[in-house]
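Working notes for the structure below.
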Amino acid sequence: MSAKHNTEDYLRMYRQMVRIRAFEDNANQLYLSAKMPGLTHMYSGQEAVAVGICEALTSEDKITSTHRGHGHCVAKGAEFREMFCELLGKEEGYCRGKGGSMHIADQANGNLGANAIVGGSMGIATGSALSAKYLGTSHVTVCFFGDGATAQGLWYEVMNMAALWKLPVIYACENNGYSEYTKTAEIAAGSLTARAEAFGIEAHKVDGQDVLAVNELARSLTERCRKGEGPFFIELETYRYHGHHVGDINRDYYRSKDEESEWKKVRDPITNFGKWLMEQKIMTADELVEIDKEISADAEAAVTYALDAKYPDVNEVSMHVFAETAA
Amino acid sequence: MTRQITLSKAVNEAIAEEMRRDPSVILLGEDVAEAGTPFKVLSGLVEEFGMDRIIDTPISEPGFMGIAVGAAMTGCRPIVDLMFGDFLYLIMDQLCNQAAKTHYMSGGKLNVPLVLRTNMGATRRSAAQHSQSLQALVAHVPGLKVAMPSSAYEAKGLMKTAIRDNNPVVIFEDKLMYNDKAEVPEEEYLIPFGKANIKREGRDVTLVATSSMVQVAEKAAEILSRENISAEVIDPRTLVPFDEETILQSVKKTSRAIVIDEGHQSFGVTAEIAARISEKAFYHLDAPVIRMGAMDVPVPFSPALEDITVPTPDGVVENARRICRGELVHAA
């Protein structure tokens, strides 16, 4: 266990993972109690991926996110209040309620936005890396996407250009085993790492439930990107606890309950990291429970705030179609 | 000092001037560097600006379009060169789901200042996949601006405005006009978006025409003038934003309108403009507003067939005569 070495960093990683879980638990409740318009895609179970990677980044570094994007957003530094407001379509949301769950962007923290088109942000991430190289800024861009998105042709087009132009981008594939309602094995031939390697891109496979392993790899690849050694590909083996979206409840036809409980029992990223923190005598069980409680209260307070917050004025409907251009 | 230059040269000058002015402007596309595109519009740019700014891409239209969107969101002002307008179908997700919506979906926080320059226009014997005029498709999508230069003068002024705009702008150049010359000042100028140009004043009928159809309308107006029919020719110059006011004022004066655009007629640019005139100047009209677009067929290869698919000066003249005589163009 190397990666980040001080207690503060470990605690921050633990807290960020718990924050994601708490956010999702509340979002799920908002859906189930019909308080949230539309639906949403839960990140629960995959927390070590977003946190392990984003803890290796600075706020200048960029990410692009997916329809299953709340975890990336929290991990990159977003606040609960603005996120819940966005999920509920309120004026104080990150996008003034215009984006919703699938389009949260938080440019102040380098989140270029979630994307509701599977694989849709692969070009954007690569373009952000082109900017870094051309403008001489040192930012690294991480492109998060799921295993389902590896079936999109866009990925191969942009990997080719990223490799040709040596761009500082990390393609991070969160392989949670399911492409919507279909097992990944049924939609992906061969190996994903081999696909990146075909372009001469260095590819890694890592246990996406182990936040320290993810962080260690991400730190190393981020630094190498800054030295001009990119692009890179990481396949992170992980698991989504919920269905494809919150409404995907009866899913026995594609995934067994036994499989789900096995992952939760044995490979939960938060439980396992908590255990490690206790084994290393960094934290006690009571201290961890305190953290969980505090975050849970924060999340509930943010939900209450967001439920009471204002909707945007109807005049905003035609605002932001076009950006202003100075004369 | 006046001088005549080709539309191709005008586009090249506009891009070069803006690249000198703003180091964040980059250009990417297929064969844009040494080749200077198949139409040689960009010749010489890579020699001045280098391979870092004039970037040759693989034949991966969705890929480089997506890369341009991301570069635009993070400090660059990319110009994307799409070799043929027909390839718009390849990049629809990146253009319409990503570039067009990012500013809105982010509540105004993210901008996508990019220019997509591409072309349009049939009668070049290029058949169905290299001849389409797809401006209606793009103009339909909120968040995209659309410019259609009708001469070298417009091509330069609109391109410079497009590069400085903070939104995605699609510019359609008629590929048959690259060698057409027009007067273009040596001095710098920009043409604002959303300001139509009255190319010729008239009393009896308004001809609203886009891109190369402006030439068709002007030829028709010349013929009509010999028959004592006075046609006013208006070039909107940009479809989005659209200068409705200038067109409505003209129709209120002439009481008749024909709208001419090279896109397919059904559900197209001509339909939209005709509908606006009908809705907003109905009681000033003495005749139905006539649409003249390309026929609703894939563009055929054979010259014998291709030439009859697009509006011609004779066709405009015939329709203008009929509506000025109070006859119906299309029987019910």
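Computed from the coordinates by the stated procedures, all read-outs in this text should not be read as laboratory data. Please read all numbers here as calculations on a predicted model, not as lab measurements. Here the Cβ is made from the backbone with ideal geometry for all residues, glycine too, and neighbour counts use every protein chain on show.
Restricting everything to alpha-carbon atoms, can you work out Rg to Rh for segment A:212-327 with a Kirkwood hydrodynamic radius? Intermediate values should be presented prior to the final figure.
On the way: Rg = 21.9 Å, Rh = 19.9 Å.
Rg divided by Rh gives 1.10.
Computed over the Cα atoms of segment A:155-249, what is the convex hull's projected area averaged over all directions, in nm²? List each step's numbers first, then the result.
Values: hull surface 26.8 nm².
Result: 6.7 nm².
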| Cα centre as origin, Lys/Arg/Asp/Glu Cβ charges: the protein assembly as shown dipole, Debye | 840 debye
| note | Debye calc, one equal point scatterer per Cα of chain A, no solvent, log10 I(q)/I(0) at q = 0.09, 0.11 1/Å comes to -0.45, -0.69
| For chain A, share of DSSP beta bridges that run antiparallel, in % to the nearest 5 | 10 percent
| field | Sparsely packed chymotrypsin sites (Phe, Trp or Tyr not before Pro) within segment A:175-239, loop by DSSP, other Cβ within 10 Å at most 12 | value | A:TYR181
| note | Sorted largest first, the Cα spans of chain B on the principal axes come out in Å as 60, 43, 42
| query | Among the lysines, which fall within straight-line cross-link reach of B:LYS175, defined as a Cα-Cα distance under 25 Å, with same-chain neighbours fewer than 8 residues apart omitted? | reply | B:LYS9, B:LYS40, B:LYS145, B:LYS156, B:LYS160, B:LYS195, B:LYS199, B:LYS219
| note | Counting only backbone N atoms under 12 Å from a point 7 Å out along Cα-to-Cβ of A:ILE249, the residues of segment A:17-49 in range are A:29, A:31-34
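Are there any GluC sites (Glu not before Pro) in segment B:1-86 that are in a DSSP loop and have at most 15 other Cβ atoms within 10 Å? List them by number.
Values: sites: B:GLU13, B:GLU17, B:GLU18, B:GLU30, B:GLU34, B:GLU47, B:GLU48; in loops: B:GLU30, B:GLU34.
Listed in order of number, the matching sites are B:GLU34.
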| said: Could you tell me the extents of segment A:8-136's C-alpha atoms along the three principal axes, largest first, rounded to whole Å? | reply: 48, 34, 25
| field | Integer Hz, Karplus 6.51/-1.76/1.60 couplings in order for segment A:258-263, x for Gly and Pro | value | 4, 4, 4, 6, 4, 4
| field | Segment A:VAL321-A:ALA151, extension gain: residue separation times 0.36 nm, minus the distance between their alpha carbons | value | 58.1 nm
| Largest-first ellipsoid semi-axes for segment B:197-324, taking √(5λ) over the Cα gyration tensor eigenvalues, angstrom | 22, 17, 13
| Among the lysines, which fall within straight-line cross-link reach of A:LYS35, defined as a Cα-Cα distance under 30 Å, with same-chain neighbours fewer than 8 residues apart omitted? | A:LYS76, A:LYS90, A:LYS98, A:LYS257, A:LYS264, A:LYS293, A:LYS310, B:LYS101, B:LYS109
| request: Please sort by residue number the trypsin sites (Lys or Arg not before Pro) in segment A:178-276 whose DSSP state is loop and whose Cβ has at most 12 other Cβ atoms within 10 Å. | output: A:LYS227
| query | How far apart, in nm, are the 7 Å Cα→Cβ label points at B:LYS252 and A:VAL289? | reply | 7.8 nm
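As an exercise, find the ratio Rg/Rh for segment A:194-243 from alpha-carbon atoms, using the Kirkwood inverse-distance average for Rh.
Numbers: Rg = 12.4 Å, Rh = 11.9 Å.
That ratio is 1.04, to two decimals.
Remind me, what semi-axes does segment B:96-196 give for its equivalent ellipsoid, largest first in whole Å, using sqrt of 5 times each Cα gyration tensor eigenvalue? The partial results should precede the final answer.
Numbers: eigenvalues 128, 79, 16 Å².
Ellipsoid half-lengths, sorted descending, are 25, 20, 9 Å.
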| remark: Over chain A, the sum of -39500 (n - 2.57) across DSSP H runs of at least four, divided by residue number and rounded to 500 deg cm²/dmol, gives at 222 nm -14000 deg cm²/dmol
| said: I need the per residue convex hull volume for segment A:113-196, using only the alpha carbons, in cubic angstrom as a whole number. | reply: 87 Å³
| request: Would you mind checking the radius of gyration and Dmax of the protein assembly as shown based on alpha-carbon positions, in Å? | output: 28.2, 98
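Under 14 Å from the Cβ of A:PRO312, count the other residues' Cβ atoms, weight Lys and Arg +1, Asp and Glu -1, and hand me the total. Spell out each step's value before the answer.
Numbers: positive: A:LYS90, A:ARG96, A:LYS98, A:LYS310; negative: A:GLU82, A:GLU86, A:GLU91, A:GLU92, A:ASP313, A:GLU316.
Its environment carries a net charge of -2.
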| request: Alpha carbons only, please: Rg and Dmax for segment B:267-311, in angstrom. | output: 14.2, 44
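To the nearest µm²/s, what D does Stokes-Einstein give for segment B:1-126 at 10 °C and 1.306 mPa s, using the Kirkwood radius over alpha carbon pairs as Rh?
On the way: Rh = 15.3 Å.
Taking Rh from Cα pairs, D becomes 104 µm²/s.
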| FRET efficiency, 1/(1 + (r/R0)^6) with R0 51 Å, evaluated for B:GLN129 and A:SER33 via beta carbons | 0.45
